[in-house]
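*Asks:* Encoded as structure tokens, here's the structure I'll be asking about.
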Amino acid sequence: MTYILNIETSTKNCSVSLAKDGKTIALKEVNDEGYSHAEKLHEFIKEIISKAGLSFSNLDAIAVSKGPGSYTGLRIGVSAAKGLCFALNIPLISVNTLQSLALTTSTPSESFVIPLLDARRMEVYSAVFKNNILIKNVAAEIITENSFSEFLNKSDVYFLGDGAEKCKEIIIHKNANFIDNKFPSANEMSKLSFEKYKKNDIEDIAYFEPFYLKDFIVVASKKLI
């Protein structure tokens, strides 16, 4: 039996799951507008391990959502995952955030699934999947009326994630479908992290960094000093 703790903090959804052989056996998550990950993450981790009747010593690996997503959210999740891996001397696994988001919906096999994460203004982080296979790499792009036309002209396209909302009034196409209220979750990470564990596809704990995709920009305060 393989127990993997999955941590997802790339968006407003603070999510933790415990998986046994790739299947979620405990899940705790909250979608908080206040981004309270720093306060809740470790509490959630302790709670689901206790709920499953296990201890930290039972864990075989820690998996973390690697991005793209919120700079601060990713840092919190990765820091927690690294700390646990060091303390428990177990491997670290990273999971593509958009891939786990794509798994939160079920669609016809001939359709495309495009998970979108809000990157501020009219920009999103996106990737394109078909039958759970990545066919267009993760990218940051500005949404226009022609965005993803190469896929929309071929088949139904399902857009989901917090970046999909801003696309509804811009991407007007008969094959465009928008799925509301979907966020990356540690629940879908369970399957992906177990597949990577079986392949020994792990990260170097000391040097692993989240996949930010864009540089973090500090905005100066407009308040008068």
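*Asks:* GNM on the chain, C-alpha springs below 10 Å: top fluctuator among Asp21, Asp32, Asp156?
*Replies:* Result for the chain, Cα springs under 10 Å: Asp32 fluctuates most.
*Asks:* Regarding segment 22-154, what are the three Cα extents along the principal axes, ordered largest first, in Å?
*Replies:* 51, 32, 24
*Asks:* While we're here: How big is the C-alpha Rg of segment 105-179 next to the rule-of-thumb value 2.2 N^0.38 Å, as a ratio?
*Replies:* Values: Rg = 11.1 Å, N = 75, 2.2 N^0.38 = 11.3 Å.
This ratio for segment 105-179 stands at 0.97.
*Asks:* Using the crude model of +1 on Lys and Arg Cβ and -1 on Asp and Glu Cβ, and no other charge, please compute the dipole size for the chain relative to its Cα centre, in debye to 20.
*Replies:* Using only the charged Cβ atoms, the result is roughly 160 debye.
*Asks:* Taking the simple approach of a point 7 Å from Cα along Cα-to-Cβ for both His42 and Ile25, what is their distance in nm?
*Replies:* With each label placed 7 Å out from Cα toward Cβ, I get 2.5 nm.
*Asks:* Continuing with this model, one more query. Can you list the aspartates and glutamates whose alpha carbon is less than 18 Å from that of Lys82, not counting same-chain residues fewer than 8 positions off?
*Replies:* Output for Lys82: Glu8, Glu39, Glu43, Asp60, Asp201, Glu203, Asp204, Glu209.
*Asks:* With an 8 Å Cα cut-off and a minimum separation of 6 or more residues, compute the relative contact order for the chain in percent.
*Replies:* Across the chain, relative contact order equals 23 percent.
*Asks:* Also, quick follow-up: Reachable lysines from Lys154, Cα under 25 Å, same-chain residues fewer than 8 places away excluded?
*Replies:* List returned: Lys130, Lys136, Lys166, Lys168, Lys174, Lys182.
*Asks:* Ignoring the sites themselves, what is the longest stretch of the chain with no chymotrypsin sites (Phe, Trp or Tyr not before Pro) in a DSSP loop and at most 14 other beta-carbon atoms within 10 Å? Intermediate values should be presented prior to the final figure.
*Replies:* Details: sites that count: Tyr207, Phe216.
Excluding the exposed sites themselves, the longest stretch runs over 1-206.
*Asks:* Moving to a separate point now. May I ask you to list the GluC sites (Glu not before Pro) in segment 1-86 that are in a DSSP loop and have at most 16 other Cβ atoms within 10 Å of their Cβ?
*Replies:* Glu33
*Asks:* Taking the Kirkwood radius as the inverse of the mean 1/r across Cα pairs, report the Rg/Rh of segment 141-188.
*Replies:* 0.99
*Asks:* Can you tell me the orientation of helix 37-51 relative to the chain, as the angle in degrees between its alpha-carbon axis and the longest Cα principal axis, to the nearest 10?
*Replies:* 60 degrees
*Asks:* Label the chain by shape, choosing from rounded, prolate and oblate, from the square roots a ≥ b ≥ c of the eigenvalues of the Cα gyration tensor; if a/c is under 1.5 it is rounded, and otherwise prolate applies when a/b is larger than b/c, oblate when it is not.
*Replies:* In terms of gyration-tensor shape, oblate.
*Asks:* Could you please rank Asp201, Asp180, placing first whichever residue has the fewest other Cβ atoms within 10 Å of its Cβ?
*Replies:* Asp180, Asp201
*Asks:* Put a dot 7 Å past each Cα toward the Cβ at Asn132 and Asp32; how far apart are the dots in nm?
*Replies:* So the two model labels end up 3.1 nm from each other.
*Asks:* To the nearest 10 degrees, how steep is helix 186-198 against the longest Cα principal axis of the chain, on a 0 to 90 scale?
*Replies:* 70 degrees
*Asks:* When the chain is treated as a GNM, springs tying every alpha-carbon pair under 10 Å, which of Ala206, Ala164, Ala19 comes out with the largest mean-square fluctuation?
*Replies:* Looking only at Ala206, Ala164, Ala19, the largest GNM fluctuation is found for Ala206.
*Asks:* Which whole-number percent is the relative contact order of segment 105-179 (Cα, under 8 Å, 6+ apart)? Numbers along the way, then the final one.
*Replies:* Values: 141 pairs, mean separation 24.4, N = 75.
Dividing the mean separation by the residue count of segment 105-179 yields 33 percent.
Where a number appears in this text, it was derived from the coordinates with a stated rule and is not lab data. Please read all numbers here as calculations on a predicted model, not as lab measurements. With ideal geometry, Cβ positions are generated from the backbone for all residues, glycine too; neighbour counts draw on all protein chains shown.
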